[in-house]
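J.: Got a structure for you, written out below as structure tokens; questions coming shortly.
The values are calculated or read from the model by the stated rules, or taken from the named source; none is laboratory data. Please read all numbers here as calculations on a predicted model, not as lab measurements. Glycine gets a Cβ as well: all are built from the backbone with ideal geometry, and neighbour counts include every protein chain shown. Only protein heavy atoms, including side chains, enter the accessible area calculation; ligands, DNA and RNA are left aside. Shrake-Rupley method; radii C 1.70, N 1.55, O 1.52, S 1.80 Å.
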Amino acid sequence: MNLTSIGDHARGLTLKSRATDIKSQIETLSYEMSTGKVQDVSGRLDGDYSHLLDLDRNLARLNAFRVSTAEAVLFTDAMQQSLTTIDQSVGEITGALLSFGTSNQAVTHENASVQAKNELDTVISALNTRAGGRSLFSGTATDVSPLLSADALLSALKTELTGLATVTDIRQAAEDWFNDAAGFDAVIYQGSASTLVPMQISENESVTIPITAIDPAIKAALRDIAVAAVVSDSALALPRAQRTALFTQLGVDLANTQNDTINLRAQLGAAQARVEQASTRNSAARTSLEYSRNELIAADPYQTAAQLQTVQFQLESLYSVTVRNANLSLVNFLR
């Protein structure tokens with residue numbers, strides 16, 4: 001029988017090479033255990049990355065839509081909250097004006113105007129709300145607040161109404177100024193006449209929110225509340241009977257306006273529902289694509305664990321053999 005032997009130095013190099021190979025296998029299997037993905041992706045796909053790249057491209061697009069839908073949710077939720085506040089303020093002052101209008105007392109008139117001024121502050125504050133650093137009701141000019149202060153609005157309106165003595169004249173003058181492009185829109189409104197561009201929420205779907213602070217329903221609410229706030233001003237010198245009649249008419253007008261603000265909230269609610277539906281569809285599509293991607297490059301955890309245990313045993317055995325070889329000597333053999 002022929003015996004083939006190698007020298008001690010060669011044996012040491014062989015054991016060292018084998019140890020390095022086993023350690024490399026342990027490192028690969030440990031990576032696959034921790035990440036759940038194979039380390040040799042090219043080998044798993046036989047060098048064909050086309051399907052994987054297509055999945056990655058679709059996932060990147062869906063991730064972009066996830067950001068855009070999140071922004072749309074933030075924007076529409078904040079806008080809905082502002083419209084809710086406006087609607088509540090309109091409801092409060094409507095009831096107050098209808099109630100106060102039944103009494104021809106100066107103190108009641110003063111209270112009505114004070115409450116109207118407070119509600120006007122609330123409405124303008126709601127319209128000047130920002131979300132994510134962007135103004136909600138400024139159209140495309142999202143970097144500026146849409147309206148000046150309530151004091152600025154009342155000062156400009158008072159100038160337009162001074163000298164008028166009848167309910168009809170005051171209401172008509174206020175309406176003309178609010179509808180005049182050189183009136184409210186130029187003096188008080190600071191935003192853009194252009195509405196926001198549609199928000200892309202999926203590959204083939206976008207949502208438009210055309211509501212600004214110069215929406216007719218919002219302007220009507222601002223107009224009637226502002227008129228109520230200045231009615232009792234001494235500069236107008238309106239007789240009590242005219243104040244009472246004006247308060248009553250403004251209450252009726254605001255009751256009608258509240259229906260329009262509710263319609264705005266309904267329109268915005270429909271947009272919110274579309275954004276939520278698109279977000280759900282995008283999420284489902286993303287989950288499906290992620291599952292398909294994992295199926296392509298996923299490492300079987302049970303098989304990987306078994307292989308890792310095997311190579312760890314091999315390394316321990318190799319170390320044992322290395323120690324035994326290191327302790328071999330002629331003296332020990334002769335003993």
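J.: On average, how much accessible surface per residue is there in the stretch 124-275, in Å², for a 1.4 Å probe, leaving out ligands, DNA and RNA? Before the final figure, lay out the partial values.
T.: Working: 6350 Å² over 152 residues.
Per-residue accessible area for the stretch 124-275 comes out at 42 Å².
J.: By how many nm would the segment from SER288 to LEU74 lengthen if fully extended, with 0.36 nm per residue of separation less the alpha-carbon distance? All intermediate terms of the calculation are to be shown ahead of the outcome.
T.: Values: separation 214, 0.36 × 214 = 77.04 nm, distance 2.58 nm.
Result: 74.5 nm gained on full extension.
J.: PRE reach from ALA193 (point 7 Å along Cα→Cβ): which of the stretch 130-149 fall under 18 Å by backbone N?
T.: Output list for this probe position: 138-142, 146-147.
J.: Go through 139-149, 162-172 and give me the packing order, highest mean Cβ count within 10 Å leading. Present the calculation step by step, with values, prior to reporting the outcome.
T.: Numbers: 139-149: 17.5, 162-172: 14.7.
Packing order, densest peptide first, comes out as 139-149, 162-172.
J.: Within 10 Å, count the other beta carbons around each residue, average over each peptide in 271-280, 249-258, and list them highest first. Could you put the intermediate results ahead of the total?
T.: Numbers: 271-280: 17.9, 249-258: 20.4.
Ranked from most to least packed, the peptides come out as 249-258, 271-280.
J.: Here's a follow-up. Subtract the Cα-Cα distance of ALA165 and THR84 from 0.36 nm times their separation in residues, and report this length gain in nm to one decimal. Present the calculation step by step, with values, prior to reporting the outcome.
T.: Working: separation 81, 0.36 × 81 = 29.16 nm, distance 3.47 nm.
Going from the current span to full extension adds 25.7 nm.
J.: I want to check the label-to-label distance for ASN256 and VAL67. Put each point 7 Å from Cα in the C-beta direction and report it in nm to one decimal.
T.: Once both label points are built, they end up 4.8 nm from each other.
J.: Using r as the Cβ-Cβ distance of LEU98 and THR208, and R0 as 35 Å, what FRET efficiency do you calculate, to the nearest 0.05? Don't skip to the answer; put the middle values down first.
T.: Numbers: r = 36 Å, r/R0 = 1.02.
My answer for the efficiency is 0.45.
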